[in-house]
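All of the numbers you see were taken from the coordinates with simple rules; none came from a lab. This one's a predicted model, so the numbers in the text were calculated from it and none came from an experiment. Cβ coordinates were reconstructed from backbone atoms using ideal geometry, including for glycine residues, and neighbour counts include every protein chain displayed.
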């Protein structure tokens, strides 16, 4: 699947100039999220998932470019029917003296699946019917039906293996205040062949959670080698900050970037009123305020270019010009105001940051054109519209629809859509499954409880000389490759 890469406008050259002295440590500033989004929003520090993936790997993991590569499993096969995945793991002794075995790994995965019940991850794992150790080194995972993106799901940090107090690596973890310090574990301690000169060839990776403005300032002063975790809210800091001494790197991830209708009040109390808001947003103009080109805007929940999805579907309101959409929305607002005897108004909740300021100004202009007064929710206040900004775990339509399951997103959901997604799990063929999922998306879109804008925006800043970083489709940047460890 091809995706358009984000690019700054030509007037902004992203050249790297400064190279700091190699002190054997890759210092990373991980931007604290500007707002709580999704079920992982309560994380205790920024970059939790990256640190988790480095210190507690699973059967497979992502490499720097986002490909699934071996981790605890040294190899695997998939049966012809696509319903059974068989993994052969590498056995070794853990630091606490226990042995990493197929039985222990299978038990850990089963426990993780049980713990995920009631979350969107649990819904993503709904096709898993059995996880069992076949021998001391072989594990089988069985599915109800084929899932082409299953290995992408299995590579998620949340599916890392936890066995007593033993870290399964590939990195060890220590705390130094708020900083997470990670060292690549020598291969002989991971059941692999010894590598001479390991300590000389590898680098320590130190991850510190930092506010966006502080991260940009510290990077420009040479205190950090990288900034990770950048989002739309903080993007202007990268544009105006340390360009002379670093390079801004933009991912092109798939996921959700739009507004959930958290409070169905006033003009937002009906599907027609919510459609008036959704139809009038000039998505391209909004993101142009951030000096981005090539951004993929959308009016749909599931991207049309996902493998095996989107045939016969198209963007909503694609036959209408922007002026026609504005006229339609303005008429709907006037009708609502005449029926209710009051002006249409609502609040928008956005993360703090200069990027959010620019987005809000554009949205306010769009709403004023059709007679809606909007204000920005102050910190601590629940807005009528709340930004939903999440990257996908895997390239499957079910991930997108699971984010709006009534079990994990009460109020911004549809029981009818949930029913169709459930039917898709038992579909007799991939074509039937895709049909159920497309119908579920259509059902959910009709509620207008989620107003899509486009693809998530993710940026990093990487100083010249840092190895092991690459843009990828998940906007997930593993720490192990940054250590320069060859295996």
Next item on the list: Sort 170-176, 299-305 for me by packing, meaning the mean count of neighbouring Cβ atoms within 10 Å per residue, highest on top.
Entry: 299-305, 170-176
Next item on the list: Sort 144, 321, 447 so the one with the fewest other Cβ atoms within 10 Å of its own Cβ comes first.
Entry: 321, 144, 447
Checklist line | Span per principal axis, largest first, for the Cα atoms of region 215-297 (Å) | finding: 52, 25, 21
Notebook entry, point to check: Using the alpha carbon gyration tensor of region 67-163, what are the three equivalent-ellipsoid semi-axes (square root of 5 times each eigenvalue), largest first, in whole Å?
Noted result: 21, 16, 12
Notebook entry, point to check: Given R₀ = 45 Å, FRET efficiency for residue 200-residue 419 by Cβ-Cβ distance, to 0.05?
Noted result: 0.15
Notebook entry, point to check: What order do you get for 265-272, 352-359 when each peptide is scored by the mean count of other beta carbon atoms within 10 Å, highest first?
Noted result: 352-359, 265-272
Check: What is the projected area of the convex hull of the Cα atoms of region 255-454, averaged over all directions, in nm²?
Finding: 11.6 nm²
Checklist line | Estimated FRET transfer efficiency when R0 is 60 angstrom, pair residue 49-residue 330 (beta carbons, to 0.05) | finding: 0.90
Margin query: Nearest 10 degrees is fine. How inclined is helix 271-280 to the longest principal axis of the chain, computing both from alpha carbons?
Written below: 80 degrees
Notebook entry, point to check: How far, in degrees from 0 to 90, does helix 430-447 lean away from the longest principal axis of the Cα atoms of the chain, to the nearest 10?
Noted result: 40 degrees
Checklist line | Ratio of the Cα radius of gyration of the chain to 2.2 N^0.38 Å, where N counts its residues | finding: 1.02
Checklist line | Cα-based helix-to-principal-axis angle, 354-369 vs the chain, degrees rounded to 10 | finding: 20 degrees
Next item on the list: Just round it to a whole percent: the fraction of Cα-Cα distances in region 377-487 exceeding 16 Å.
Entry: 70 percent
